[in-house]
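Engineer: Input: one structure, supplied below.
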Amino acid sequence: MPRAFQNIFSTISGDSRKQYLVRASYLEIYNEDIQDLLNKKSVNQRLELHDKDTGVYVKDLSTFVVKSPDDMMSIF
């Protein structure tokens, strides 16, 4: 995962014509149950998968805005 995080930020830092917003979330899907792995309060809380016009998303999944690979590693 650290290499993937480095790759994400090295790729977007090379493009000065665009501005990027990077968000991190972490979930587990097991036996058709979805759990938020970054929210300790949601232990044993089943999250719902939704299909919206913009794409598939998980309702109430916690997300964090990150600005560097170190930010991502501290969240995980």
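Readers should treat all values here as calculations from the given coordinates under stated rules, not as data from a laboratory. Not measured: the values here are computed from a predicted model. Cβ: placed from backbone, ideal geometry, glycine included. Neighbour counts: every protein chain shown.
Engineer: For the peptides 68-74, 9-15, what is the packing order when you average, over each peptide's residues, the other Cβ atoms within 10 Å and list the highest mean first?
Structural biologist: Details: 68-74: 15.1, 9-15: 11.1.
Those peptides, ordered most packed to least, come out 68-74, 9-15.
Engineer: While we're on this one: Which far-off residues, 5 or more places away or on another chain, put their amide H under 5 Å from the one on L37, with H placed in the peptide plane?
Structural biologist: Those qualifying (amide H under 5 Å, at least 5 residues apart or on another chain) are Y26, L27, E28.
Engineer: Also: From the list (i) 12.0, 34; (ii) 14.5, 43; (iii) 20.9, 65, can you say which value of Rg and Dmax of the Cα atoms in Å was derived from the structure given?
Structural biologist: The listed entry that was calculated here is (ii).
Engineer: Moving on to the next point. How large is the helix-only mean residue ellipticity at 222 nm for the chain, computed as the sum of -39500 (n - 2.57) over DSSP H runs with n ≥ 4, divided by its residue count, in deg cm²/dmol to the nearest 500?
Structural biologist: Values: 2 runs with 19 residues, N = 76.
Taken over the chain, the calculation gives -7000 deg cm²/dmol.
Engineer: To continue, here is another question. For the chain, what is the charge dipole size about the Cα centre, in debye to the nearest 20, if Lys and Arg each add +1 at the Cβ and Asp and Glu each add -1 at the Cβ?
Structural biologist: Details: 10 positive and 11 negative charges, 69 e Å.
Charge dipole of the chain: 340 debye, to the nearest 20.
Engineer: Give a residue-ordered list of calculated ³J(HN,Hα) values for the range 66-75 (Karplus: 6.51 cos²θ - 1.76 cosθ + 1.60, θ = phi - 60°; whole Hz; x for Gly, Pro).
Structural biologist: Result, ordered by residue: 10, 10, 7, x, 5, 4, 5, 5, 5, 6 Hz.
Engineer: Amide H to amide H, which residues 5 or more places from V22 or on other chains are under 5 Å from it, using H placed in the peptide plane?
Structural biologist: V66
Engineer: Right, here's the next one. Helix 2-13 sits at what angle to the longest principal axis of the chain, using alpha carbons and giving 0 to 90 degrees rounded to 10?
Structural biologist: The answer is roughly 50 degrees.
Engineer: If the cut-off is 27 Å between C-alpha atoms, which lysines fall inside it for K41, apart from same-chain ones fewer than 8 positions away?
Structural biologist: Within the straight-line cut-off, K41 pairs with K52, K59, K67.
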